[in-house]
Amino acid sequence: MNKDTEIDMKEVELNEVDPEKQPMTGDGPAAGGEKNGSVKLKVPEDEITFTGLSKEELMKVAGTPGWVRTRWVLLVLFWLGWVGMLAGAIVIIVQAPRCKPIPEMNWWNEGPLYQISDLEAFSDGLKGVEAKLDEINQLKVKGLVLGPLHNVQTDNPNTLFLEEINPTQGKKEDLAAVLEKAHKKGISVVLDLTPNYQGNAPWFSGDVGVVMEKVTAAAEHWLALGVDGVKISALTVASGSADWSKLQAAVQGNRTEDSKKRLLMGAVENISAAEVSQLVNTSGVDLVLSDLLSSKNGGVERIKDMDTLNSQQRSLGWGLGATQLDQLSKQATTLDLIRLYQLLLFTMPGTPVFTYGDEIGLQAGLGSESPKMVWDIQKKPAEGTPVNETAEAERKQRVDIRKWFISVSDLRGKERSLLHGDYYPLYSSASSLSFLRVWDQSIRYITAVNWGGAEETLKIALAPTEGVELPETAKVELSTDDNLKAEDFVSLDKITLRPGGAVLLQFPYKA
């Protein structure tokens, strides 16, 4: 075979290589005359498309008897369904229990009042109060009661200057700054204008009418600056004055539905619950703060006082030592008792009134001396520095008490049963008591406390009452007793509390 023949045979062998093994370079025509990578499709010459029925065809079909009957059936079913749903909604509305109208609530009914009697001891005067408003606001406080701030020498009415601020407490400009910042936070400010606040006779021993004129003029002065109310002590003496109505008019006058009401508040001591009730009706004050909780140590007496006054709860203030501007700790001498009375005050029917430091268990001062407020309790000792174990334990205790205070205050502000609910006594003894708070279809709450020195079993029972029943068990909402944990369920036939134990139980409304 010659060379030309060998070359021709190699070309034939190359041309017969499997097309799948040929490189896809796209440089030449593919086998069969098609370009490499292309796909050849056969498209039918006569493509069929569906254009739907014409208008004439649709009208012809729609008019047939079958379609007419179908349309009528669907139309009847639609209207029957619509009428059925309307009727069902009407039945639900008619059979549903009607909501009880919410009573008229003023700002002093919506949260605790916080008294700062000695502003210098609290935080270096009015400027210090302004600086601490953020921390006060965390307590869910609705009102501050400041002072007395005015100048007066004890038992000397000639030195009474109610429209001047004692320089040790601050200046008028400082008060204006407190008002502005407090109002932005939704906190109202009340001034204590008790004239002879350091003497034995709050209204001096002379003519009350002369002093009342000065108090009325001072009330008008401070209210014009933006103060939200006035507090006075010895309400029985003041309301008996012939000029009492003038002070009422200065504070309570010109009230409209759209305007924020100004508070006229009075404190009383050493009178019975029946006399407090009568004073609410006759004096015309908005809020009466009594010392009933401080003067009555027995659970039976305290329950009776609540029985007498609960219907007037929107005009009633409760405190332990608050009428004397004392801290809780003066009577609640242990940490457990401080938390117990915080719970009791927040759940009783009325407005809780506290003195500064009650939220941390601040120890009362010696004699007439005001205790120095303790700040920065959240600040832990720096790492690596020597730690005073006693001081650190006290700091942690104050943190825990403050957390408890805030949790109870927050709950009262949210729950209608605690905010303005009806009250029913459940149990009382020499050193314990229990009561129920109920509002319409809201969650119900039971308070049970034992301030005695021994363990006690409270036998809970509700007198026959229309529309209110106790369940067999209730859930623990808050507790100071280690044997009663939050979220636990407790049998209501009897509740055992250790000494200083307090528990708040809740159960749902059932139609």
Practice task
Sort through ALA474, ALA463 and tell me the only one that's free of Cβ contacts under 8 Å to residues at least 40 places away in the same chain and in a strand (DSSP E or B).
Solution key: ALA474
Problem - Test: residue in segment 111-124 that is in contact with a Lys or Arg (Cβ under 7 Å, 6 or more places away or on another chain), crowded, with 17+ Cβ neighbours inside 10 Å, part of a helix (DSSP H, G or I) and in the same structural domain as LEU345 (by TED's automatic domain parsing) - result: yes
Problem - First in segment 421-441 and within 23 Å of ARG498 (Cα to Cα), second anywhere and β-branched (Val, Ile, Thr) and in a loop (DSSP other than H, G, I, E, B), Cβ under 7 Å, 6 or more apart - result: LEU426/ILE460; TYR427/ILE460; SER434/ILE460
Exercise for the section: Would you be able to say whether some residue in segment 361-379 is in contact with a Ser or Thr (Cβ under 6 Å, 6 or more places away or on another chain) and among the basic types (Lys, Arg)? Expected result: no
Exercise for the section: Go over the candidates THR496, THR480, THR457, THR465 one by one and state the one that is within 30 Å of GLY357 (Cβ to Cβ) and not assigned by TED's automatic domain parsing to the domain that holds LEU337. Expected result: THR480
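Would you check if there is a residue in segment 242-254 being in contact with a helix residue (DSSP H, G or I) (Cβ under 9 Å, 6 or more places away or on another chain), aliphatic (A, V, I, L, M), under 24 Å from PHE354 (Cα atoms) and surrounded by 14 or more Cβ atoms within 10 Å (Cβ to Cβ)? Before the answer, list the steps.
Going residue by residue through segment 242-254, those that are in contact with a helix residue (DSSP H, G or I) (Cβ under 9 Å, 6 or more places away or on another chain) are 242-244, 246-251.
Filter again for aliphatic (A, V, I, L, M), leaving 242, 247, 249-251.
Imposing the further condition that a residue be under 24 Å from PHE354 (Cα atoms) reduces the set to 251.
Filter again for surrounded by 14 or more Cβ atoms within 10 Å (Cβ to Cβ), leaving 251.
Yes, some residue in segment 242-254 is in contact with a helix residue (DSSP H, G or I) (Cβ under 9 Å, 6 or more places away or on another chain), aliphatic (A, V, I, L, M), under 24 Å from PHE354 (Cα atoms) and surrounded by 14 or more Cβ atoms within 10 Å (Cβ to Cβ).
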Exercise for the section: Could you tell me whether segment 383-396 includes any residue that is surrounded by fewer than 17 Cβ atoms within 10 Å (Cβ to Cβ) and under 18 Å from LEU478 (Cβ atoms)? Expected result: no
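In segment 176-201, which residues are outside any loop (DSSP other than H, G, I, E, B) and not basic (Lys, Arg)? Please lay out each step first, then the result.
Applying the first criterion (outside any loop (DSSP other than H, G, I, E, B)) to segment 176-201 yields 176-184, 188-192.
Passing the criteria: ALA176, ALA177, VAL178, LEU179, GLU180, ALA182, HIS183, SER188, VAL189, VAL190, LEU191, ASP192.
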Handout entry: Residue list for segment 125-153, filter: over 20 Å from LYS185 (Cβ atoms), in a loop (DSSP other than H, G, I, E, B) and of a type outside the set (A, V, I, L, M)
Key = PRO148
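Let's see how each residue does on (1) within 29 Å of the chain's Cα centre (by Cα); (2) free of Cβ contacts under 8 Å to residues at least 40 places away in the same chain; (3) outside the structural domain of ALA267 (by TED's automatic domain parsing):
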{"residue": "LYS127", "(1), (2), (3)": "yes, no, no"}
{"residue": "LYS172", "(1), (2), (3)": "no, no, no"}
{"residue": "ASP192", "(1), (2), (3)": "yes, no, no"}
{"residue": "PRO202", "(1), (2), (3)": "no, yes, no"}
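Of everything in segment 296-331 that's of a type in the set (A, V, I, L, M, F, W, C) and touching a residue at least 60 places away in the same chain (Cβ under 8 Å), which residue is surrounded by the most Cβ atoms within 10 Å (Cβ to Cβ)? Spell out how you get there, then give the answer.
Quick first cut of segment 296-331, residues of a type in the set (A, V, I, L, M, F, W, C) only: 300, 303, 306, 309, 316, 318, 320, 322, 325, 328.
Imposing the further condition that a residue be touching a residue at least 60 places away in the same chain (Cβ under 8 Å) reduces the set to 300, 303, 306, 322, 325.
Working: VAL300: 15, ILE303: 21, MET306: 23, ALA322: 27, LEU325: 22.
Only one residue fits best here, namely ALA322.
With the requirement that a residue be part of a helix (DSSP H, G or I) and closer than 15 Å to ASN158 by Cβ, what does segment 202-214 give you?
As a first pass, look at segment 202-214 and keep what is part of a helix (DSSP H, G or I): 208-214.
The answer is VAL210, VAL211, GLU213, LYS214.
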Exercise for the section: Write out, first by first residue and then by second, each pair whose Cβ atoms fall under 7 Å of each other, whose residues are 6+ apart or on separate chains, and whose first residue, in segment 154-166, is under 20 Å from ASP118 (Cβ atoms) and without any contact (Cβ under 8 Å) to a residue 60 or more places away in the chain while the second is charged (D, E, K, R) and not in a loop (DSSP other than H, G, I, E, B). Expected result: LEU160/LYS214; LEU162/LYS214; ILE165/LYS172
Exercise for the section: Identify all residues within segment 297-351 that are in a loop (DSSP other than H, G, I, E, B) and under 20 Å from the mean Cα position of the chain (by Cα); write none if there are none. Expected result: GLY319, MET348, PRO349, GLY350
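Quick check on segment 496-510: of everything there that is farther than 19 Å from LEU470 by Cα and buried (at least 20 other Cβ atoms within 10 Å of the Cβ), which residue is farthest from the chain's Cα centre (by Cα)? Before the answer, list the steps.
Residues of segment 496-510 that are farther than 19 Å from LEU470 by Cα, as a first pass: 497-502.
Okay, now just the ones that are also buried (at least 20 other Cβ atoms within 10 Å of the Cβ), so 497, 500-502.
Working: LEU497: 27, GLY500: 25, GLY501: 24, ALA502: 20 Å.
Per the stated criteria, the residue is LEU497.
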Fill in the blank from the handout: Residues of segment 182-207 being out of contact with any Lys or Arg (no Cβ under 6 Å at 6 or more places or on another chain), surrounded by 17 or more Cβ atoms within 10 Å (Cβ to Cβ) and not β-branched (Val, Ile, Thr), in sequence order, are ALA182, SER188, LEU191, LEU193, PRO195, ASN196, TYR197, GLY199, PRO202, TRP203, PHE204
Exercise for the section: Filter segment 345-375 for residues that are surrounded by fewer than 23 Cβ atoms within 10 Å (Cβ to Cβ) and either under 21 Å from LEU497 (Cα atoms) or aromatic (Phe, Trp, Tyr) (or both) and give the result. Expected result: TRP375
Handout entry: Within segment 439-459, considering residues that are surrounded by fewer than 20 Cβ atoms within 10 Å (Cβ to Cβ) and not charged (D, E, K, R), the one modelled with the lowest pLDDT
Key = GLN441
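The values are calculated or read from the model by the stated rules, or taken from the named source; none is laboratory data. Note that the structure is a prediction, hence the values are computed from the model and not measured. Note: ideal-geometry Cβ built from the backbone for every residue, glycine included; neighbour counts use all protein chains shown.
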